1. Just one of the numbered conditions (1) touching a Gly at 6+ places or on another chain (Cβ under 9 Å); (2) under 22 Å from Lys120 (Cβ atoms) is not true of Lys25; which one?
2. For the stretch 53-103, give me the residue count where each residue is loosely packed, with under 15 Cβ neighbours inside 10 Å, closer than 26 Å to Arg117 by Cα and modelled with pLDDT of 95 or more.
3. Applying the selection to the stretch 59-69, what residues are of a type in the set (Asp, Glu) and under 20 Å from Val82 (Cα atoms)?
4. If I filter the stretch 134-146 for residues that are at pLDDT 70 or above and either out of contact with any helix residue (DSSP H, G or I) (no Cβ under 6 Å at 6 or more places or on another chain) or not in a strand (DSSP E or B) (or both), do I get at least one hit?
5. Within the stretch 82-109, take every residue that is in a strand (DSSP E or B) and touching a residue at least 60 places away in the same chain (Cβ under 8 Å) and give me the one that is nearest to Arg2 (Cα to Cα).
6. Can you name the residue in the stretch 19-58 that is of a type in the set (S, T, N, Q) and not in a helix (DSSP H, G or I) and is also nearest to Ala85 (Cα to Cα) among such residues?
7. Taking the stretch 110-138, which residues are in contact (Cβ under 8 Å) with a residue 24 or more places away in the chain and charged (D, E, K, R)?
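The values are calculated or read from the model by the stated rules, or taken from the named source; none is laboratory data. Since we're looking at a predicted model, the values are computed, not measured. Here the Cβ positions follow ideal geometry from the backbone for every residue, glycine too, while neighbour counts run over all protein chains shown.
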Amino acid sequence: MRIISIDPGYERLGIAILEKLSKQKEVLIFSECFKTSAKLPHHERLTLIGNKIKEIIKKYKPEALATEKLFFSGNQKTAMLVAEARGVILYAGSSLGLEVFEYTPNSVKMAITGYGRSEKKQMIDMVKKLISINYGGINYGGNASVVNESNSDDEFDAIAIGLTHFAIHR
């Protein structure tokens, strides 16, 4: 099974394509942190997000979309903007026929580290241990030099969401 997993945002969004073949380790096919410019009007940023998600879905042909549920804390204006971006993400996946799954931040942390209040560094360290990497047809096994600190937190979060999906839907 191949999925697209997304850490939602409107300024930065983590995107990952993961695949699980029978009893093998999950494989990372693609990941990136997609950024939109703060200089653009919000509706244009949402359009860019929708177009990017559709482009990646058409290229990699996942069967499902996994994303994070919104966690409201602090700034309500930011939460509303992220909620609008999530709406675009959910629409893009659903309109292209993908089944959509959503996970809370705590359930992602629990699935990856076994502790629902894990710190970011713990999450990143576990993601590196749990995933095989396949960029450009080359399988890197568990080589953390490809998934490393130069990757954004948003990418690691997207990968973790995908791993959570596979853990829950074996």
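1. (2)
2. Number of matching residues: 1.
3. First, the residues of the stretch 59-69 that are of a type in the set (Asp, Glu): 63, 68.
Scanning the stretch 59-69 gives a single hit, Glu68.
4. no
5. Initial filter on the stretch 82-109 (in a strand (DSSP E or B)): 99-103.
Filter again for touching a residue at least 60 places away in the same chain (Cβ under 8 Å), leaving 101, 103.
Details: Phe101: 13, Tyr103: 17 Å.
Filtering the stretch 82-109 for residues that are in a strand (DSSP E or B) and touching a residue at least 60 places away in the same chain (Cβ under 8 Å), the one nearest to Arg2 (Cα to Cα) comes out as Phe101.
6. Within the stretch 19-58, the first condition is being of a type in the set (S, T, N, Q), and the residues that meet it are 22, 24, 31, 36-37, 47, 51.
Now restrict to residues that are not in a helix (DSSP H, G or I): 22, 24, 31, 36-37.
On the way: Ser22: 33, Gln24: 33, Ser31: 19, Thr36: 11, Ser37: 14 Å.
Ranking the candidates gives Thr36 first.
7. Answer for the stretch 110-138, where residues must be in contact (Cβ under 8 Å) with a residue 24 or more places away in the chain and charged (D, E, K, R): just Lys120.
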